[in-house]
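Chemist: I am attaching a structure below and will ask some questions about it afterwards.
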Amino acid sequence: MRGAPTILHLDMDAFYASAEQAAKPSLRGKPVIVGGLGPRGVVATASYEARVFGVHSAMAMAQARRLCPNAAFLTPRFTLYRQVSDAVMALLHTLSPLVEPLSLDEAFVDLEAGGTQPTAEAARAVGERLRNDIRAVTGLTGSVGLAGSKMLAKIASEQAKPDGLVLIEPGTERDLLGPMPVRTLPGVGPATAEALRRAGIHTVAETREAGEAELVRLLGRAHGASLFLMANGRDERPVVAERDAKSISVEDTFDVDLTDRTRVQLEIARLADRCVRRLREAGRSGRTVVIKVRRYDFSTLTRSETLRGPTDDPGVVREAAARLIEGVDTTAGVRLLGVGVSGLADYTQEDLFAQAAQAAQAAQAAEAAQAARGAQAAQGARAAHEALEDGRRTQGPATPEHVAAGAGEASEGAGKPRRWLPGSDVRHAEYGAGWVQGSGVGRVTVRFEEPWSEPGRVRTFAVDDPALEPAEPLPLLRPEEAAGRGGAVGLDRVGGPEEVVGRGGGVGSDRVGGPGEVAGREGAVDRERDVGPGEVAGPERVGGPEGAVGREGAVDLERGVGPGEVAGSDRVGGPGEVAGREGSVDLERVGGPEEVAGQGGGVGPEPVGGPEEAAGRGGAAGAGPADARPAAPGGGHQPGREQGRGRGQPVTSSP
């Protein structure tokens, strides 16, 4: 416990939702909810406008839609969030070499290690300057807490929200903590709080008065003793610049419970490959393979197998995961699967037996492919000969039928409609940059606007319009503004502290990051936290483009651990929902094309298809068929309802 408030805690305000509002002028001042859009999706972040209606992080998305039907529901764009986070973290590194990131939007900073004078005035000045620099570089706001310990600094930042600064003076800790609920203290979860409640302990003051002996009796020696110290305002945990990951894992939550055994095995193999990719990106190897299975009734079990040595070989991890799933009964239905690797090391000890088996499989596959090519060539020769003979008899063109059939199949695959996820970035050859408001029945609705422009107009295109292409996220500020205002770090290339050019001038911010990662379905938005097989290390999960709720990091949206795997639609097989009016998003869904949009308008200019696909009385486009994968969001609108009632409101086309 320090005698000066030199530990700073920064927490960005409604980070994901605020970034979306900054990037989309039409959504500013309106409720925005970011997370999994499927039936099992979970809210990752809600804007403060949505929180007024009771929406909060980790809430089921279906409940959020009931509470705030007019909100814009968007899939996370982790590419943008990471770029903004990198810029913020670079600013923190200018304050001190000891920066402990907790997530993309939260971190502790040891100001004393950075040379800040151990006084309240100096610490407050640093905190205010940091808030100004963050606003100048990103256009977003963050709340700052300053105290003599990590626990109190975090409590102070919570009190400062939104866009504020709170400093806890040394010596006032006990009086501040006394009336707070016991859940305020770190390490007090639902189970601990319930044990204390049964003993008549509800507040921090009552916890302190109970005494250390009573807390040890109730909670055990280690937990009880540490809780007593924290209740007295004492927290000796240091700010740690780097925390070693203990495991790397991925998981997927499925819209429909899996009962087919073959499908379960295929999903486990796919998850194992994703896990190994993350393992290699981190430059690590692992000794223990773990699988996680959550059944239809929410009962969860894990199985693990320890290998002879650490490995990053996908074949080894895949085989171990396959052996583990063989011992689990999945016939009743599985809603979630996960694969993880623990016992991490910095070196790899290859499994020679697995390598030999893999080589044998590769040889067999090569032989089978060669035999198939030979048979195909023979068949093609016979077909060509027969076609030639037929042509001579009929004086027609000597074109083998199998060639024409193949061409037809190729063109059919090439013309397969593209899928567009709500909130994702696009660019049109004529209209420029925009973002997807919704799609369905072969149509996609795009609002064309830039972060620094006025709210743009909405236009509708065919989903396969060649002039419409996916795009990278735009910076939240104009490049010249990001380089000039405050002079700190821009969003174009943010590296370590050595790349930060003081506060008077700085790195430009030409653009924000690479291709946008969307939250489709390969998993839900799990933000990788390197914990267990159910929690990924870094933002991850989501199919479609795998990243976002992206493959490179995300939140387990089913459990709401942060942002991650975005599920499919609002209801499986049922109509999707149209959220909001001006800048709202019509949510995709998993179902058939027979579902239609609400009355009063929608995405498409005219209904497409037969009568069953006809729009409501206002003539909106319905929802088209979704991706075959159960994890991917589909596309659609709510069946005809009156405008302004519940979830049936259509997307408007006004600016």
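Chemist: What is the set of long-range amide H partners of residue 70 at a cut-off below 5 Å, with H atoms built 1.01 Å from backbone N?
Modeler: Residues meeting the amide H criterion: 580.
Chemist: Obtain the nm distance between the two label points defined at residue 221 and residue 467 by a simple spin-label model: each point lies 7 Å from its Cα along the Cα-to-C-beta direction.
Modeler: Taking the two extended label points, one gets 7.5 nm.
Chemist: Given axes a ≥ b ≥ c from the Cα gyration tensor, I'd like to know whether region 121-222 is rounded (a/c under 1.5), prolate (a/b larger than b/c) or oblate. Write down the numbers at each step before the final one.
Modeler: Numbers: a/c = 3.30, a/b = 2.35, b/c = 1.41.
Here region 121-222 falls in the prolate category.
Chemist: Rounded to a whole number, what % of the accessible area of region 48-94 do carbon and sulfur atoms account for, probe 1.4 Å?
Modeler: Values: 850 of 1530 Å².
Its accessible area is 56 percent carbon and sulfur atoms.
Chemist: Follow-up question, since we're still on this one. Using per-residue counts of other Cβ atoms within 10 Å, averaged over each peptide, order 323-330, 12-19, 84-91 from highest down. The partial results should precede the final answer.
Modeler: Details: 323-330: 15.1, 12-19: 26.4, 84-91: 24.8.
In decreasing order of mean packing, 323-330, 12-19, 84-91 become 12-19, 84-91, 323-330.
Chemist: Please state the relative contact order of region 44-132 as a whole percent: Cα pairs under 8 Å, 6+ residues apart? Intermediate values should be presented prior to the final figure.
Modeler: Numbers: 59 pairs, mean separation 13.5, N = 89.
In percent, rounded to a whole number, it is 15.
Chemist: Under the Karplus relation 6.51 cos²θ - 1.76 cosθ + 1.60, θ = phi - 60°, what is the ordered set of whole-Hz ³J(HN,Hα) values for region 86-94, x standing for Gly and Pro?
Modeler: 4, 5, 5, 5, 5, 5, 5, 5, 6
Chemist: Taking the Cα centre of region 226-300 as origin and charging only Cβ (+1 Lys, Arg; -1 Asp, Glu), how large is the dipole, in debye to the nearest 20? Numbers along the way, then the final one.
Modeler: Numbers: 16 positive and 13 negative charges, 66 e Å.
I would put it at about 320 debye.
Chemist: Direction-averaged shadow area of the convex hull around the Cα atoms of region 49-200, nm²? Walk me through the numbers on the way to the answer.
Modeler: Numbers: hull surface 45.8 nm².
Answer in nm², one decimal: 11.4.
Chemist: To the nearest 0.05, what FRET efficiency results for residue 202 and residue 48 with a Förster distance of 30 Å applied to their C-beta separation?
Modeler: Efficiency, from the Cβ-Cβ distance: 0.60.
Chemist: How would you rank 164-170, 119-125, 247-253, 421-427, highest first, on the average number of other Cβ atoms within 10 Å across their residues?
Modeler: On the way: 164-170: 18.1, 119-125: 15.3, 247-253: 29.9, 421-427: 23.9.
My ranking of the peptides, most packed first, is 247-253, 421-427, 164-170, 119-125.
Chemist: Place the peptides 21-34, 69-82 in order of packing, highest mean first, counting for every residue the other Cβ atoms within 10 Å and averaging per peptide. Kindly include the intermediate steps, with their values, before the conclusion.
Modeler: Values: 21-34: 24.1, 69-82: 28.0.
Top of the packing list down: 69-82, 21-34.
Chemist: Follow-up question, since we're still on this one. If you plug each phi of region 432-442 into the Karplus form 6.51 cos²θ - 1.76 cosθ + 1.60 with θ = phi - 60°, what whole-Hz ³J(HN,Hα) values come out, in order, with x for Gly and Pro?
Modeler: My calculation for region 432-442 gives x, 7, x, 9, 6, 8, x, 8, x, 6, x Hz in order.
Chemist: Mind giving me the FRET efficiency for residue 132 and residue 301? R0 is 45 Å, r the Cβ-Cβ distance, nearest 0.05 is fine. Intermediate values should be presented prior to the final figure.
Modeler: Numbers: r = 50 Å, r/R0 = 1.12.
So the FRET efficiency works out to roughly 0.35.
Chemist: Same structure, new question: Can you run phi through the Karplus equation (6.51, -1.76, 1.60; θ = phi - 60°) for region 277-284 and list ³J(HN,Hα) in whole Hz, with x for Gly and Pro?
Modeler: Working through the residues one at a time gives 4, 5, 4, 5, 4, 7, x, 10 Hz.
Chemist: If you don't mind, there's one more thing I want to ask. How far apart, in nm, are two points set 7 Å out from the Cα along the Cα-to-Cβ line at residue 346 and at residue 277?
Modeler: Roughly 2.7 nm, to one decimal.
Chemist: Dipole magnitude of region 38-148 about its Cα centre, charges +1 at Lys/Arg Cβ and -1 at Asp/Glu Cβ only, in debye to the nearest 20?
Modeler: Values: 10 positive and 10 negative charges, 140 e Å.
So the magnitude is around 680 debye.
Chemist: Name the residue from 137, 98, 164 whose Cα lies farthest towards the positive end of the charge dipole of region 73-215, charges +1 on Cβ of Lys and Arg and -1 on Cβ of Asp and Glu.
Modeler: Result: 137.
The values are calculated or read from the model by the stated rules, or taken from the named source; none is laboratory data. Because the structure is predicted, anything quoted here is derived from the model rather than measured. Here the Cβ is made from the backbone with ideal geometry for all residues, glycine too, and neighbour counts use every protein chain on show. Ligands, DNA and RNA are stripped out before the accessible areas are found, and what is left, the full protein with its side chains, is counted by its heavy atoms. Shrake-Rupley method; radii C 1.70, N 1.55, O 1.52, S 1.80 Å.
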